[in-house]
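Every number here is computed from the coordinates shown, using simple stated rules; none is lab data. Keep in mind that what you see is a predicted model, and the values were worked out from it rather than measured. Glycine also receives a Cβ, built like all others from the backbone with ideal geometry; neighbour counts cover every protein chain displayed.
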Amino acid sequence: MARFRYIVHDVPAAVAFYAEMLGFTVEQQFGPAMAILTRDDVTLWLAGPPASASRPMPDGAQPEPGGWNRIVLTFDDLETTVAELRAKGVTFRNDILAGPGGRQILCEDPCGNVVELFEPA
């Protein structure tokens, strides 16, 4: 099972996004500090401001959400999934792109972390 950690500003908002929008199941939640969610064989750890993973590095760098690294979630019908998520107010960074392996689009969780939605060719 693969495990990913995302730094988030708001654990409850991030939990709601991943559970309600992307089909994750909440396994554990530790107040505003952290939550553990699963979907198929992916485990996602959401670390909020009180979490140890959010503490500054020795050089002063502060972990924060965003960037381009991402988890990839597979869907059978990308068009329908995107339409449903847009109707619910989900933010997308781009439109659906096609490549040799399939089609993809990037959405953001409430804190700005990227999630790739993918439909295999």
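Odds and ends about this structure:
- The calculated FRET efficiency for Ala83 paired with Glu27, based on their beta-carbon distance and R0 = 30 Å, is about 0.55.
- Helix-only CD estimate at 222 nm, as mean residue ellipticity for the chain, using -39500 (n - 2.57) per DSSP H run (n ≥ 4): -3500 deg cm²/dmol
- Net charge of Cβ neighbours under 10 Å - reference Phe24; Lys, Arg +1; Asp, Glu -1: -2
- Neighbours of Glu64 by Cβ distance under 14 Å: Lys/Arg scored +1, Asp/Glu scored -1, total -1.
- Karplus (6.51, -1.76, 1.60) ³J(HN,Hα), θ = phi - 60°, over the stretch 79-92, in Hz, Gly and Pro reported as x: 4, 5, 4, 5, 4, 5, 5, 4, 5, 8, x, 5, 8, 10
- Highest average packing first - 11-22, 85-96, 70-81, Cβ atoms within 10 Å: 11-22, 70-81, 85-96
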